[in-house]
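Undergrad: Handing you this structure, nothing more for now.
Read-outs: derived from the displayed coordinates by stated rules, not from any lab. Keep in mind it's a predicted model, so treat the numbers as computed, not measured. Neighbour counts are summed over all protein chains in view; Cβ atoms, including those assigned to glycine, are modelled from backbone coordinates with ideal geometry.
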Amino acid sequence: YSFSVSSPSASREPARTSVFPPGAAQRSRTFLPPGGSARAAISDGLVSYWPLNDSFVDVVGQNDGELMGSDPDPVFEAGKLGNGIKLDGIDQFIEIGGDESNFDFVGQDFSVSAWFRVDSFDKSWQALIAKGEGNRWRVHRRDAGSILTWNGGNADVPEGDNPPIDDGELHHFVGVST
């Protein structure tokens, strides 16, 4: 339901900050007061953050998203932190606008983080978020299995003990490439 992308070496305008879920960005610190639920964050290196809370706005960058597919009407529902988008499972996806080169991290450390829910898979290969093939990066379904894997610019991370994620429950994913 929310996505963020960060790179500690990305050039940033100092006035850009954001509140985002714990673990959303490399080199970030999230402060939670005892017994409280307020969040404050220092977002050094945060490139983009899409809370998907009733919109596709990138709240720290200029890479707003746009809903694509045959059904142009977005459906938002309660998520982990506010609302999130519910895609139709047929052909809806979110295309990110702005300068594509903002997400070129070849030779750089970076992380990708997302809260998401999968009710069921309906294709043999599906991506949660992707920048392409080869030396690019992506979070995707591995073969026809029920798990996600991370490719941070070289080869897929082996399956290991990753649990199935097509269970209708919320999951948090963080991919780190160093």
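Undergrad: With Cβ to Cβ distances under 11 Å as the rule, what net charge do the other residues near Trp50 carry (K, R +1; D, E -1)?
TA: Values: positive: none; negative: Asp58, Asp64.
In short, -2.
Undergrad: Let me ask something else. If each Cα of the range 94-151 is one equal point scatterer, what is log10 of I(q)/I(0) from the Debye formula at q = 0.13, 0.19, 0.20, 0.30 Å⁻¹?
TA: Rounded to two decimals, the profile gives -0.38, -0.78, -0.85, -1.43.
Undergrad: Could you give the size of the charge dipole of the range 46-178 about its Cα centre, using +1 on the Cβ of each K and R and -1 on the Cβ of each D and E, expressed in debye and rounded to the nearest 20?
TA: Working: 9 positive and 24 negative charges, 72 e Å.
I would put it at about 340 debye.
Undergrad: Tell me, Kirkwood radius of the range 43-149 from alpha-carbon pair distances, in Å?
TA: 15.2 Å
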